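Remarks on the structure that follows.
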Amino acid sequence: MELLGLGLDQILVIALAAIWAGAINVVVGSGTLVTFPVLVAVGFPPVTATISNAMGLIAGNVTGTLGYRREIAQVRTTLLRLVPASLVGGVVGALLLLTLPEEVFETVAPLLIVVALGFVLGQPRLKRWVADRAARARDEQPAGRPTDPDPRPSAALTALVFGAGVYGGYFVAAQGVLLVGILGVFLAGTMQHANAVKNALVLTVNLTAAASYLLLAFDRIAWPVVLIVAVGSTIGGFAGAWVGRRLSPGVLRGVIVVLGLVALGVMVRDLVVG
């Protein structure tokens, strides 16, 4: 039995992965490391899996950004100065994905999965360090400082946000974790400010990449996958708070690592066999 050009078993597996990814994105981040391995395992080429997954997860990105609209209003000036860097970075990353031979992505993707898993495994320590730094910055904030804690981002922060945009436009996975680390170090303000800016910048990169895919790779988009991932990640996003209250982040992180290793194994196997 087929629906949307996919077998019922494929639809169920992709939908469950998308729901789980949406929940993980709310609690831990890096939901792509759940959906990407599943799409590769059910038979989609790595580039098609990346493109379709990125487009499908935009719905969850919108939900997450809206959830931080109050904090975003407080850092509006900062965000407006950083969005262009994310936008250009997303375009560059998407163009690299679409113009380089698919064999390049198949070779580089396992390395990027290792990098992404490293971010995920290091997230607890990174998050504590970023939170401590934000607390010190808040304590040192002088009276009468404007609402926006960092209205003029440094050149270093802007350059790093651009680099994260290139990474996100090319591979997507763990760009949120990467951005939180960058913003936590270089952006004055609280952890909530960093999360708010991170969500908005991830949405910017994914929307920019999606526009590039529509213009330059329409025939490589698996639209049934986009639909399933969009619906599933939205449901998962709403369920994320419920899941987060009942499962430790360590358990969720463990799921991400296991599935990431599965994707790594599948891609390395294909490289060796090919």
Expected sort for 85-96, 101-112 on mean C-beta neighbours within 10 Å, highest first, is 85-96, 101-112
First measure r as the distance between the Cβ atoms of residue 102 and residue 158, then evaluate 1/(1 + (r/R0)^6) with R0 = 35 Å and state the FRET efficiency to the nearest 0.05. 0.65
May I ask you to rank 125, 269 by accessible area, largest first, using a 1.4 Å probe over the protein chains only? 125, 269
Based on the Cα gyration tensor of region 25-86, what are the three equivalent ellipsoid semi-axes, each the root of five times an eigenvalue, rounded to whole Å and given largest first? 29, 13, 8
With a 10 Å radius around each residue's Cβ, average the other Cβ atoms per peptide and rank 8-14, 206-212, highest first. 206-212, 8-14
What number, in percent, do you get for the relative contact order of region 15-136 if the mean sequence gap of Cα pairs under 8 Å and at least 6 apart is divided by its residue count? 20
Potential lengthening between residue 9 and residue 128 on full extension [0.36 nm per residue; Cα-Cα distance subtracted]: 38.8 nm
Descending packing, highest mean Cβ count within 10 Å first, for 44-53, 16-25 is 16-25, 44-53
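The values are calculated or read from the model by the stated rules, or taken from the named source; none is laboratory data. Everything quoted here is computed from the prediction, not taken from an experiment. Cβ sites come from the backbone with ideal geometry, for glycine too, and all protein chains shown count toward neighbours. Quick note on the areas: whole protein, heavy atoms, side chains included, nothing else; ligands and nucleic acids left out. Shrake-Rupley method; radii C 1.70, N 1.55, O 1.52, S 1.80 Å.
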